[in-house]
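Below is one structure, written out as structure tokens; comments come after it.
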Amino acid sequence: MNIPRQGTNFKVRKRVKRRWTTPHIPLASTNSGACPKPNSCGNGCLIMRILLIGSGGREHAVAWKLALSPLCERLFIAPGNPGTAQCGTNLAVDVADHAAVAAAARGEGIDLVVVGPETPLVAGLVDDLAAAGVKAFGPSRAAAELEGSKAFTKELCAEAGIPTARFRRFTDPAAAKAYVRAEGAPIVVKADGLAAGKGVVVAASVAEAERAIADMLGGALGQAGAELVIEECLVGEEGSLFALCDGTTAVPLGTAQDHKRAFDGDRGPNTGGMGAYSPAPVLTAEIEAQAMRTIVAPTLAAMRRRGTPFTGVLYAGLMLTAEGPKLIEYNVRFGDPEAQVLMPRLTSDLVPALLAACEGRLADVELRWSADAALAVVMATKGYPGTYARGSEIRGVAEAEGMDGVRVFHAGTKRDGARLLADGGRVLNVTATGRTVADAQARAYAAAERIDWPQGFYRRDIGARAVEREGR
Ligand code: AMP
């Protein structure tokens, strides 16, 4: 495959099985840190203490993967959850308090902090840790604007010629309404800032768009809705593409598809995600390469030109239109629940990959993936994404995890002695691998059946479209 470059040293890597070229990994090294030399000994020996920030299903999946690394001497998670406690040590630190995170990192002798969620990234945790002399994986505050501001990303797309929906920005409701009346429906109204999944309305009518404009500019989403992006409604199938970035080079980090609506058949309210599977069959190798070339690579180049290079995980939400893949949005971290299906498929060690990204060395890195598919079913508390009760008891997780190819990643859970209790909206991610999406789906649902939690619910059709595609 010969792919032209675009003003950057980005390369699309063939799926060849190449080995990691890590510097001097001590032969005796294990998770107990049996390095014959001191920590980060200066000979390239990298036995590390790692601190992961976050407390959701994504963080349990990433913690599980980090803890498998022979380079990870000790893993800490702040604040973590009962699932991450099985992979390392949870630290009760308020992650909004950046000075407290830096102090905890120094206190535990942390070599690398990995930031999971978007909120601390957009708030500049990576910058503040760097200022305190602590190495952290994730974008700077300025680079996290790719997720923190939709208007920022749209302007960058316009500047760099990145395919995306046509758009206009508004702060004045009358001007915004006049624009939607002129454009007609369907049309998409978006709050500029982070709005926890509530900031996008795909309006089927002009009246619905006008209501969304009035709500958002009227303050329903607080500061996040002070500016709007109104854009053309794209038509096609969606898929998510992940890339590991070091500011210059992007390495594909897998594809996934998620299910945002609460109920079967993509009905009901939008949620943080009710399930996912990987790979996304709709993102063929050719489309993935095209998106890396036309969307991810020019984004990295534009961010570098602006003096704010992007380091971290870039998660591109794509619409596969008749004119090729177009960018719907960027996130600047692993998705949740997408991380839960990417991590079980990654056969390479994650730790040297994250280090290489931090140190601008991704050009030497090749990631290896299992040929298996993975699928995650989210179990949520009844009432989610609206109001729900906390504290109901969950039984049978160990039985589910005893099944072949199954892992249960925790999100909103807490321990009460030996009992496991629900403590949030999205509570568990029942994840399974299999030869095909259909196999992974069958295993994940068989495992979900073992979990005894009358106050929970889950969708019965995660992966249905991919399974149908496999059957053709
Ligand atoms: P976002 O938060 O920007 O990913 O938007 C949430 C969801 O809204 C996406 O996953 C799409 O399903 C839908 N969406 C966003 N922008 C558009 C668009 N321009 N055209 C069609 N659907 C969109």
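The values are calculated or read from the model by the stated rules, or taken from the named source; none is laboratory data. The structure displayed is predicted, hence computed values, not measured ones. Please note: Cβ atoms are built from the backbone with ideal geometry, for glycine as well, and neighbour counts cover all protein chains shown. Remember, those area values only see protein heavy atoms, side chains included, never the ligands or the DNA or RNA. Shrake-Rupley method; radii C 1.70, N 1.55, O 1.52, S 1.80 Å.
In region 150-203, Rg over Rh equals 0.96, where Rg is the alpha-carbon radius of gyration and Rh the Kirkwood radius from pairwise Cα distances. Based on C-alpha pairs under 8 angstrom that are at least 6 apart in sequence, the chain has a relative contact order of 15 percent. Placing unit charges on each Cβ (+1 for Lys and Arg, -1 for Asp and Glu) gives region 209-367 a dipole about its Cα centre, and among 285, 263, 307 the Cα reaching farthest toward its positive end belongs to 307. In this simple spin-label approximation, residue 135 and residue 179 carry label points 7 Å from Cα along the Cα→Cβ vector, and these lie 4.4 nm apart. In order along region 309-320, phi translates into HN-Hα couplings of x, 9, 10, x, 9, 9, 10, 9, x, 10, 10, 8 Hz, rounded to whole numbers, per the Karplus curve 6.51 cos²θ - 1.76 cosθ + 1.60 with θ = phi - 60° and x for Gly and Pro. Over every Cα atom in the chain, the radius of gyration and the widest Cα-Cα span, Dmax, amount to 21.7, 70 Å.
Each peptide in 437-446, 100-109 was scored by the mean count of other Cβ atoms within 10 Å over its residues; highest first, the order is 437-446, 100-109.
Projecting the Cα positions of 174, 342, 410 onto the charge dipole of the chain (unit charges on Cβ atoms of Lys, Arg, Asp and Glu, taken about the Cα centre) puts 342 furthest along the positive direction. Here the chain exposes an accessible surface that is 50 percent carbon and sulfur, computed with a 1.4 Å probe and the other protein chains kept in place. With Cα atoms as the point set, the radius of gyration and Dmax of region 347-423 evaluate to 18.3, 49 Å.
If packing is taken as the average number of other Cβ atoms within 10 Å across a peptide's residues, how do 464-472, 269-277, 194-202 rank, most packed first?
Per-residue mean Cβ counts within 10 Å order the peptides as 269-277, 194-202, 464-472.
What relative contact order, as a whole-number percentage, does region 283-335 give when Cα pairs under 8 Å and 6 or more residues apart are counted? Rounded, it is 31 percent for region 283-335.
Relative to one another, the C-alpha centroids of region 410-472 and region 241-260 are positioned 23 Å apart.
Averaged per residue, region 142-272 has 40 square angstrom of accessible surface, using a 1.4 angstrom probe with ligands and nucleic acids left out. Amide H to amide H distances under 5 Å link residue 436 with 373, where only residues 5 or more positions off or on other chains count and H is placed in the peptide plane.
Given +1 at the Cβ of Lys and Arg, -1 at the Cβ of Asp and Glu and no other charges, the dipole of the chain around its Cα centre is 780 debye to the nearest 20.
Figure legend: label point modelled 7 angstrom from the Cα of residue 85 along Cα→Cβ; residues of region 392-424 with amide N under 16 Å from it are 392-395, 397-398, 409-424. Think of each Lys and Arg Cβ as +1 and each Asp and Glu Cβ as -1; about the Cα centre, that makes the dipole of region 302-410 roughly 480 debye. For residue 425, the shell of other residues with beta-carbons less than 11 Å away shows a net charge of +2, using +1 for Lys and Arg and -1 for Asp and Glu. Close amide H pairs (under 5 Å, H built 1.01 Å from N) link residue 254 with 242, residues at least 5 positions away or on another chain.
Quickly work out the residue 395-to-residue 305 label distance, labels modelled 7 Å from Cα along the C-beta direction, and quote it in nm with one decimal. About 6.2 nm, to one decimal.
A protection proxy built from the mean count of other Cβ atoms within 10 Å ranks the segments 213-221, 344-352, most packed first, as 344-352, 213-221.
Computed over region 422-472, the percent of Cα pairs more than 15 Å apart is 49.
Inter-part distance, region 140-205 to region 73-111, computed on C-alpha centroids, equals 35 Å. Taking only the Cα atoms of region 190-245, the ratio Rg/Rh comes out at 1.05, with Rh defined as the Kirkwood radius. From the largest down, region 223-370 spans 44, 36, 34 angstrom on the principal axes of its Cα atoms.
Protein heavy-atom accessible surface, 1.4 Å probe, per residue over region 353-472: 43 Å².
Between residue 403 and residue 96, the distance separating the two model label sites (each 7 Å from Cα on the Cα→Cβ line) works out to 3.8 nm. Just to verify a number: FRET efficiency for residue 267 and residue 470, C-beta to C-beta distance, R0 = 35 Å, to 0.05? Working from the Cβ atoms, E equals 0.90. Taking all Cα pairs closer than 8 Å and separated by 6 or more residues, the relative contact order of region 204-283 comes to 19 percent.
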